[in-house]
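Throughout, read-outs are computed from the coordinates displayed, never taken from laboratory work. Treat the numbers as computed from the prediction; the structure is a model and nothing was measured. Here the Cβ positions follow ideal geometry from the backbone for every residue, glycine too, while neighbour counts run over all protein chains shown.
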Amino acid sequence: MFIESLKNTIVMKFIYYTNNIIYYLTLVLYLTIIYGMFMQVFLGGIQVILFFVLLFNYDKFSERIKQHLSTYGILSTLFLLLFFGLLNYTDTILSNSIFFSIGLYIVIPMSLGTYFTYIVYQLKQKVS
């Protein structure tokens with residue numbers, strides 16, 4: 001039992017620190033805008049992988065954390081469907097509205113990234 005608890009603590013700390021390093025590096029790179037956008041793609045990929053790792057331990061979390069993880073999964077799926085669904089219409093929609101483009105490429109993904117960072121922070125607080 002102690003070994004299992006120690007393993008979960010180590011895994012949660014790894015997820016927490018990995019996510020935070022990449023998240024804050026993305027924010028810093030947004031000073032150059034283009035590098036921030038490239039790093040945001042990397043951040044999203046890492047967060048999806050970490051999300052699936054957390055799903056394997058889903059039954060060990062409190063109801064509140066389960067609700068947050070479910071919400072994050074649904075929002076991320078809806079965003080990806082919206083993003084890839086709109087790729088066919090980028091010439092008509094995105095060229096007409098710079099605000100729509102900024103929202104789709106920057107604001108929504110970073111909001112999801114911030115939400116996942118909050119979830120991981122909450123999990124670390126419970127484990128520590």
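Pairwise Cα distances in the chain exceed 20 Å in 49 percent of cases.
Between Phe14 and Leu75, the C-beta separation translates, for a Förster distance of 25 Å, into a calculated FRET efficiency of about 0.55.
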